[in-house]
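Here is the structure we will look at, set down as structure tokens.
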Amino acid sequence: MSPTETWTTPLGEPIGAPLPPGWQPPSRPKLDAVEGRWARLEPLSLQAHGADLADAFLRGGGPEPWTYRIQAPFATRAAVEDWLREICANPQMAYVAYIDRATGKAGGNGAFMSIDAAGGSIEIGAIMLGPDLRNSRAGTEALYLQMKWVFDAGYRRCEWTCDPLNTASMQAAARLGFSYEACFRQAYVSKGRNRDKAVFAVTDGDWPALAQALETWLDPANFDAEGRQRQSLRALTAPLLHATAPEFTGSRKNQHGQPIGAPVPDWTSRPAPSRSAIEGRYCRLEPLTQAHAADMLEALQEDAEGRVFTYMPNGPFDDLAGYRSWLDGAIALDDPLQFAIAVEGRAVGTASFLRIDPDQGSIEVGYITFSPRLQRTAAATEAMFLMMQWAFEAGYRRYEWKCNACNAPSRRAAMRLGLSYEGIFRQATHVKGRNRDTAWYAAIDSEWPSLKSAFETWLAAENFDAEGRQRQSLSDLTSPILVKTG
């Protein structure tokens, strides 16, 4: 797709570009050794790499490199080995050792993680470089080899994430050619402190030019006899970046002068949402069941053009049997946890909690399907308020909304509801054979008191005249709370 080319449905709705012809989901990482000039990747093994990595990490240059890591500095060889044993057994991640070809020793490790083979997206992360690999050709090439494996395997998106206060990691991402996309506020609690999450990415469309830049830098001709670079990698990759990160600063610093997140005292895991009804004035949220199928399909069929489903992974549905079939799969899951939105006893919409992370206090509202009967009603707004209220009053710290970046009504709805814009993930996944960029929005717990007041003011009976017209818009009430719009 050229930069000026656009795609629309027959109804004129903007949609993503078709997937590349013949694209198939790639395999999950299961790689053999990958050779480079200066470095080699090998599947991480305690037996093969434990001694080398213990040596590297135990002389890792003091506590400063560990500030932004989940782990504390290792005190003993046994602690390193216990950690390696644990991560090698993690089925959600595929770890690799970084071998310095000059010494033949493992000097660091990293992982393939956040693996979404079906969506064509993957992250390289959990990167730990010992002192010999930091600021070295071998260390840079090890990361290049991971990126190369990603795109050679057929992935469409390669991510890099880090604490935005971690200046070194932020700069490393940009130096390697990762474009900045978003900052998720209050994404984690780590070591008793808040941790935001900065997200960078490279797409398959970026990769050919970026690979050439990296190979130019890694070429032996780019280094003099003392190993000094003639041309910096940053100079080669900077023109290829789609966006660079703003500067993130923090008022709190540790004993080493490094910025750190705010303390989160006495944090404990929050409850997962249950299959319980939530009552409101205008609507009732009920755990979705087959008992809602007939009412829901009848309400959805009032959308004769099928606009409700343009940006959804499911639908439209031609008959009750097809809708019931979808329901069978949907109601069997705890994440997404689906609810019917009932007005006057009949289901007229659905919504769900998903990406439910009680340990970190983060939850998303999504899979929102409002029939024409529900759209632009007080009940629709109240349903969203009730779900947000449940999350924050259950102690969650972050409440997310994401949607297809082409879906302008959903993006406006997020901001009307008081969720601040955070960024767009390019080629995050694909839906119905088309690319999907994903726009992210979120509210955090410190914003909830103001948001709750805004919703209650808007939903109050006195805010509507005799014909049901609002006297004050919700957007006017929530816009001062937004940190960023987009």
Query raised in the report: Are there any pairs with C-beta distances below 7 angstrom linking a residue in region 306-321 that is free of Cβ contacts under 8 Å to residues at least 40 places away in the same chain to a residue that is open to solvent by 30 Å² or more (accessible area, probe 1.4 Å) and among the hydroxyl-bearing types (S, T, Y), with the two at least 6 apart or on different chains, and if so which?
Result: none
Report task. For A299, indicate whether it is among the aliphatic types (A, V, I, L, M), assigned to a loop (DSSP other than H, G, I, E, B) and farther than 30 Å from V202 by Cα. Result -> no
Requested in this report: Filter region 111-134 down to residues that are closer than 18 Å to A56 by Cα and either of a type in the set (A, V, I, L, M, F, W, C) or crowded, with 23+ Cβ neighbours inside 10 Å (or both), then give me how many there are.
Outcome: 7
Requested in this report: Please work out which residue is farthest from the chain's Cα centre (by Cα), limiting yourself to region 351-388 and to residues that are of a type in the set (F, W, Y) and open to solvent by 30 Å² or more (accessible area, probe 1.4 Å).
Outcome: F370
**Report entry** Filter result for the condition that a residue is open to solvent by 30 Å² or more (accessible area, probe 1.4 Å) and under 25 Å from R195 (Cβ atoms), over P65, P14
**Finding:** P65
Query raised in the report: Out of (1) at pLDDT 95 or above; (2) in a helix (DSSP H, G or I); (3) open to solvent by 20 Å² or more (accessible area, probe 1.4 Å); (4) not aromatic (F, W, Y), the odd one out for L53 is which?
Result: (3)
Query raised in the report: Is region 163-183 home to any residue that is closer than 25 Å to Q24 by Cα, open to solvent by 10 Å² or more (accessible area, probe 1.4 Å) and part of a helix (DSSP H, G or I)?
Result: no
Report task. Sort out which residues of region 184-193 are of a type in the set (F, W, Y) and either within 23 Å of A72 (Cα to Cα) or assigned to a helix (DSSP H, G or I) (or both), and write them in order of number. Result -> Y188
Report task. Return the pairs, sorted by first residue and then second, in which the second residue is in a helix (DSSP H, G or I) and at pLDDT 95 or above, the first residue lies in region 288-304 and is open to solvent by 20 Å² or more (accessible area, probe 1.4 Å), the beta carbons are less than 7 Å apart, and the residues are 6+ apart or on different chains. Result -> T289/I331; Q290/R324; Q290/L327; A294/L320
**Report entry** Some residue of region 42-50 being open to solvent by 60 Å² or more (accessible area, probe 1.4 Å) and among the hydroxyl-bearing types (S, T, Y)
**Finding:** no
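Okay, residues lined up against (1) aliphatic (A, V, I, L, M); (2) more than 29 Å from the chain's Cα centre (by Cα):
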position: T244; (1), (2): no, no
position: E247; (1), (2): no, no
position: R252; (1), (2): no, no
position: Q290; (1), (2): no, yes
position: A294; (1), (2): yes, yes
position: A299; (1), (2): yes, yes
Report task. Among the numbered conditions (1) basic (K, R); (2) surrounded by fewer than 23 Cβ atoms within 10 Å (Cβ to Cβ); (3) farther than 20 Å from L474 by Cβ; (4) under 19 Å from the mean Cα position of the chain (by Cα), tell me where R411 comes up short. Result -> (3)
Query - Residues located in region 148-172, provided they are in contact with a strand residue (DSSP E or B) (Cβ under 6 Å, 6 or more places away or on another chain) and either acidic (D, E) or free of Cβ contacts under 8 Å to residues at least 60 places away in the same chain (or both) - result: V150, C158, E159, W160, T161, D163
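The values are calculated or read from the model by the stated rules, or taken from the named source; none is laboratory data. Computed from a prediction, not measured in an experiment: that's the story for all the values here. Neighbour counts are summed over all protein chains in view; Cβ atoms, including those assigned to glycine, are modelled from backbone coordinates with ideal geometry. The area values use the complete protein model at the heavy-atom level, side chains included, leaving out ligands, DNA and RNA. Shrake-Rupley method; radii C 1.70, N 1.55, O 1.52, S 1.80 Å.
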